[in-house]
Each structure stands twice: as C-alpha cells, then as structure tokens.
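Below you'll find the structure, written out as structure tokens, and then a few comments.
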Amino acid sequence: AAKESGKGRGVRYDPRLNHRAESDAQTGAELRIALDRGEFHLLYQPVVGLPGGEPLGAEALVRWRHPLGHLVAPDQFIGVAERTGLIVPLGRWILREACRQAAEWLREHGAAREWAVGVNISARQLREPGFAAEVADALRAVELPAERLVVEVTETAVFDNGPAVEALAAVSALGVRIALDDFGTGHSSLGLLRTCPVDILKVDKSFIATITNGGGEAVVANAMIQIAEGLGLQAVAEGVETEEQAAMLARMGYRIGQGYLFDRPLPAAEAGRRLAVPVTAGVHR
Ligand code: C2E
Ligand code: MG
Ligand code: MG
Ligand code: MG
C-alpha cells in the first residue's frame, strides 16, 4: 500500500502499478526504460545511536522519479522488478551507486566515524550466480573498504535456501557485514542465525511501534535484544518515531536505531553531512 500521505517526501501511490499480472510486463518494460534513462535515485536514512541520535551510518533506499513527475516508493515497484527479473540490473545499479556514494563521503569527510552504508538486496539478486563477485567488483571499482558496506536481506530470502546462504557466506568473507532486515516478520527461525553469517538484526518496525502501549506489547522487542546480545549480534530498532520509544528501547539495551524521530530518508548530500560530524562534537539533537 502507499505510504501514509504526507509522510513519504512526495511519494505518491500510482494506481496503475496495482493491476498485477496484466501490467507486470508493461511495468517491467517501463522500469527497464527508467533505468536506462537514469530515473532512479537513492535516498539515505541515517542509522543512529540510541537514545541520543549520533549518526552511525545510513541505509540506501531507492526512489523512482516517474516521467509524470511524482516520486514512486519502492513498495510500488520492487515486487514487479523481482517478478520480471529487472531487479537484477536495477539492484546492480543500486549497489554500485551506494558504494560510489559511500566512497565519495569517505573522500570528502574522511574516516573520522566508523559509519557504514546499508544496501537492501532482494532474494532474486542473492540467487543470481556470481552475486558475491558483483559485490567485490562494486567495492573495488570505487576502492570502498568492505567494512563500510552492510548488505540487508530478509529472513525469507535466506530461509531454507542453500544457494542464498552460500552467497551470503561469500559476501561475508569479503568483510561486508550482513543484516537480517524486518527481523521477526518472515520465516523467523533461530536456526537461521546459526547457519547464516549474520552480524546485525534489524528488528521490524511493527515490534517497535507498540512498545510504549504497555500490556506486554514490548515483549517481542525485549526478547529480540536478548537474542541479539546472547548471540553477539548488533540489534537495530527500525521505525523509531517517538522519544518515548527511543528511551524505552535504550532501557531495554538497544544501542542502535533508525526512524522518523531522528531522520527521514534524506538526499545524499544531507545524509553525508550527518556522517561528517566528528565523534567528539556531540549529537545533533
Ligand atoms: P526496509 O529495508 O525495511 O526499509 C525501511 C523502510 O521503513 C523505508 O521505507 C523507510 O523509509 C521506512 N521508515 C524509516 N523510518 C520509519 C519510521 O519511523 N516509521 C515508518 N512507518 N517507516 C519508516 P521505503 O524507503 O519506502 O522502503 C520500503 C522497503 O522497500 C524497504 O524496507 C525495502 O524492503 C525495500 N527497498 C527500498 N529500497 C530498496 C532497494 O534499493 N533495493 C531493494 N531490493 N529493496 C528496497
Ligand atoms: Mg532495509
Ligand atoms: Mg526493514
Ligand atoms: Mg521493509
């Protein structure tokens, strides 16, 4: 569904993208043209320390500037791109663009902070032979150190999928960190956390939204931080929208968060300025 109006930086719902089968092929063709014409760009949402909000990194989030002028949110085209296979060239562009941007930030602002940039990778991309080589190429092309990149995948993309797990292991061997995205909403299996080379759990925003409601709603978020700590993984709270949530998450032990309370997805220049703040300069909020 479309993002709630007014929340998505001018992102608008395009009803034409909803008539699945008939229009998949057509939309796929449109996306192909859009890629050739350079109609995609990346926004970057800061990942921050809790509860204070000091910048620790950023997640690349793709947007499509439709020829009719409006911005299209990824929920409206990533699915089609996956079904039509266009996610493979589109995803390659996203990965290379995010690495290029990260390398530029590194050159401009220096390595004062140990930030990293997260890139979402779809199941279809992971299954593509040579995915790890593609990641290695993207890093090498711009001389980006592997520790500056985090690959975000969903549980569902790797659950019960040997080739995907192998691909992740090869990416991990490069020194790139692996995050399990939307954690808790997919085929959650604690076994996955042993077989998969996971470094970071991104706890889905649905578990964060209700934690301050009382009545046991915080129990899942609380269990997730315990699991992460027990396994020596980093936990990131997604979708932090209120000060109350940030404070409660910090009390639970969450040290990393992401959400509208701190920043919306930002244009690259603005996100880069966040990461440039020297560690000693304190927080920006
Ligand atoms: P995600 O990877 O879980 O990304 C987080 C989504 O939550 C983003 O939506 C972000 O704008 C939104 N968000 C951040 N903070 C808050 C908050 O405080 N409250 C709420 N309600 N939402 C918040 P976005 O950019 O629309 O992306 C949606 C999904 O589309 C992403 O979920 C990801 O699964 C997919 N996606 C986005 N960019 C890419 C991409 O480059 N490649 C692929 N394969 N998928 C992408
Ligand atoms: Mg993500
Ligand atoms: Mg997520
Ligand atoms: Mg998501």
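The values are calculated or read from the model by the stated rules, or taken from the named source; none is laboratory data. Keep in mind it's a predicted model, so treat the numbers as computed, not measured. Reconstructed Cβ throughout: ideal geometry from the backbone, glycine too, with neighbour counts over all protein chains shown. We work out accessible area using only protein heavy atoms, side chains counted, and drop any ligands, DNA or RNA first. Shrake-Rupley method; radii C 1.70, N 1.55, O 1.52, S 1.80 Å.
With the charge dipole of region 18-84 set up from +1 on Lys and Arg Cβ and -1 on Asp and Glu Cβ about the Cα centre, the Cα lying farthest toward the positive end among the listed residues Leu31, Gly69, Val80 is that of Gly69.
Whole-Hz Karplus values for region 24-31 come out as 3, 4, 5, 5, x, 5, 4, 5 Hz, taken residue by residue from phi with 6.51 cos²θ - 1.76 cosθ + 1.60 and θ = phi - 60°; glycine and proline positions read x. GNM on the chain, alpha-carbon springs under 10 angstrom: the most fluctuating residue among Ile33, Ile121, Ile87 is Ile33.
For the chain, the share of accessible area belonging to carbon and sulfur comes to 52 percent (1.4 Å probe, ligands and nucleic acids excluded). The residues Thr27, Thr195, Thr156, Thr242, sorted by heavy-atom accessible surface at 1.4 Å with ligands and nucleic acids left out, run Thr195, Thr156, Thr242, Thr27 from largest to smallest.
Considering only Gly69, Gly130, Gly91, the Gaussian network model of the chain with Cα springs below 10 Å gives its largest mean-square fluctuation to Gly69.
Which one, Pro267, Leu190, Val203, projects farthest toward the positive side of the charge dipole computed for the chain from Cβ point charges (K/R +1, D/E -1)? Comparing the listed Cα positions along the dipole, Pro267 ranks first. Annotation for region 96-147 versus region 74-94: alpha-carbon center distance of 18 Å. For region 195-247, GluC sites (Glu not before Pro) meeting the loop criterion (DSSP other than H, G, I, E, B) and having at most 16 other Cβ atoms within 10 Å: Glu217, Glu241.
What size of dipole, in debye to the nearest 20, comes out for the chain about its Cα centre when the only charges are +1 on Lys and Arg C-beta atoms and -1 on Asp and Glu C-beta atoms? Result for the chain is approximately 500 debye, rounded to the nearest 20. Taking the convex hull of the alpha carbon positions in the chain and averaging its projected area over all directions gives 14.9 nm².
The GNM of the chain, with springs linking C-alpha atoms under 10 angstrom apart, assigns the highest mean-square fluctuation among Ser188, Ser122, Ser172 to Ser188.
A 1.4 Å probe run over the protein chains yields, for the chain, 46 Å² of accessible area per residue, whole-number rounding. When only the Cβ of Lys, Arg, Asp and Glu is charged (+1, +1, -1, -1), the dipole of region 136-241 relative to its Cα centre reaches about 180 debye. With respect to the chain, whose longest principal axis is taken over its alpha-carbon atoms, helix 219-231 is tilted by about 90°. Measuring between their Cα centroids, region 159-189 and region 209-279 lie 21 Å from each other. Considering only DSSP beta bridges with both partners in the chain, what is the antiparallel share in %, to the nearest 5? Counting DSSP beta bridges with both partners in the chain, the antiparallel share is about 40 percent.
The loop-placed GluC sites (Glu not before Pro) in region 122-171, going by DSSP, that have at most 11 neighbouring Cβ atoms within 10 Å of their Cβ come out as Glu143. Charged side chains reduced to their Cβ positions (Lys and Arg at +1, Asp and Glu at -1) give region 21-82 a dipole of some 220 debye around its Cα centre.
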